[in-house]
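Student: Sharing a structure, written as structure tokens. Questions coming.
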């Protein structure tokens, strides 16, 4: 058979279904529109997304960008079939990072890559991304869905996210020049491991011979549901404090835990002195430490231990900041102070 007599091939024959991609765009477009906010110009479908900073209320803005993924927490989504929450994690890992610079998350783009679009998985993931954007107050303005046959096992996918935020120049964090020995560290609670330490978590679960569909040893959910608890989004809670000028520094507690992340907001002349006895770690961390035989130091440099965000404030502002957080339904508390290095 010569080349001219071979049956014609299409992109679908090669494993890429353009029509499925178009249907996905139709499904997710209302989700994206629901996250619109002041400053968004136009809608989905262009080659880029436009945003008007003046319409968003900024006069002397500095742009802050961030990117991240969800890591091996995705493996739990694959094993449990629960795909509705990892999109929230994706937004949170990006939005909380730019928040630590004092920036309000403004708009978000996602990248979803899979071998084959199937079973409503992409729709569930992107619905979670839209929910994360809603919770953080930023707009889902676009993204990329890539169907790449042979790149991923069936049912698997990867996620990446990209956020752009803005902060007026005089509110950029951290304000290292204003930090002093004796400044107080306030901890805001996490919801669990967030999206860090899951390679160790999965190793502990496997060694214990546990099943993700079985009961959790630390909650009344299944183990998979409990470990897929999404990352908290802190922007609505913290932005009013940033705008008040009372926050000198913020640390988003991600990979590296409190040990590695808190010093990132400090000048070389100061170090954080954290009192590990000042809060009660969540039950999930107690279980992980006991089941894995993990040392206390290793726990604190791997997990957030129940503290998702740390604020540095002047001693004179502690009572007011704690009061504002309490009024917002957040029972935050003092976890330490800055000391001379």
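Here's the yes/no breakdown for (1) crowded, with 16+ Cβ neighbours inside 10 Å; (2) closer than 26 Å to residue 105 by Cβ; (3) modelled with pLDDT of 80 or more:
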residue	(1), (2), (3)
5	no, no, no
14	no, no, no
23	no, no, no
56	yes, yes, yes
63	no, yes, yes
71	yes, yes, yes
77	yes, yes, yes
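Student: Quick one: which residue in 232, 246 is at pLDDT 95 or above and farther than 18 Å from residue 87 by Cβ?
Tutor: Among 232, 246, only 246 is at pLDDT 95 or above and farther than 18 Å from residue 87 by Cβ.
Student: Restricted to region 126-184, and to residues that are in contact with a strand residue (DSSP E or B) (Cβ under 6 Å, 6 or more places away or on another chain) and assigned to a helix (DSSP H, G or I), which residue is surrounded by the fewest Cβ atoms within 10 Å (Cβ to Cβ)?
Tutor: Only one residue tops the list, namely 169.
Student: Hey, another quick one. Go through region 261-289 and report how many residues are in contact with a strand residue (DSSP E or B) (Cβ under 9 Å, 6 or more places away or on another chain), more than 17 Å from residue 180 (Cβ to Cβ) and surrounded by fewer than 17 Cβ atoms within 10 Å (Cβ to Cβ).
Tutor: Of the residues in that region, 4 qualify.
Yes/no per residue for (1) closer than 22 Å to residue 226 by Cα; (2) touching a residue at least 60 places away in the same chain (Cβ under 8 Å); (3) assigned by TED's automatic domain parsing to the domain that holds residue 91:
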| residue | (1), (2), (3) |
| --- | --- |
| 141 | no, yes, yes |
| 151 | no, no, yes |
| 157 | yes, yes, yes |
| 196 | yes, yes, no |
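Student: Here is a follow-up. Considering every residue within region 130-144, establish whether at least one is more than 22 Å from residue 93 (Cα to Cα) and modelled with pLDDT under 95.
Tutor: So the first thing to find is which residues in region 130-144 are more than 22 Å from residue 93 (Cα to Cα), and the list is none.
The answer is no, given that none of the residues of region 130-144 is more than 22 Å from residue 93 (Cα to Cα) and modelled with pLDDT under 95.
Student: For residue 205, state whether it is modelled with pLDDT of 95 or more, farther than 19 Å from residue 308 by Cα and not assigned by TED's automatic domain parsing to the domain that holds residue 83.
Tutor: So residue 205 fits the description; yes.
Student: On the basis of being part of a loop (DSSP other than H, G, I, E, B), modelled with pLDDT of 95 or more and either surrounded by 13 or more Cβ atoms within 10 Å (Cβ to Cβ) or in the same structural domain as residue 158 (by TED's automatic domain parsing) (or both), does residue 82 make the cut? Explain how you work it out, then say what you get.
Tutor: Details: part of a loop (DSSP other than H, G, I, E, B): yes; modelled with pLDDT of 95 or more: yes; either surrounded by 13 or more Cβ atoms within 10 Å (Cβ to Cβ) or in the same structural domain as residue 158 (by TED's automatic domain parsing) (or both): yes.
Yes; evaluated as a whole, the condition is true for this residue.
Student: Quickly run through region 315-326 and pick out the residues that are crowded, with 17+ Cβ neighbours inside 10 Å and either within 16 Å of residue 178 (Cβ to Cβ) or not assigned by TED's automatic domain parsing to the domain that holds residue 264 (or both).
Tutor: Hits for region 315-326 are 317, 318, 321.
Student: Then there's this: Residue 273: assigned to a helix (DSSP H, G or I) and closer than 24 Å to residue 174 by Cα, yes or no? Please lay out each step first, then the result.
Tutor: Numbers: assigned to a helix (DSSP H, G or I): no; closer than 24 Å to residue 174 by Cα: yes.
Against the criterion (assigned to a helix (DSSP H, G or I) and closer than 24 Å to residue 174 by Cα), residue 273 does not qualify.
The values are calculated or read from the model by the stated rules, or taken from the named source; none is laboratory data. As the structure is a prediction and not an experimental result, all values here were calculated from the model. Neighbour counts are summed over all protein chains in view; Cβ atoms, including those assigned to glycine, are modelled from backbone coordinates with ideal geometry.
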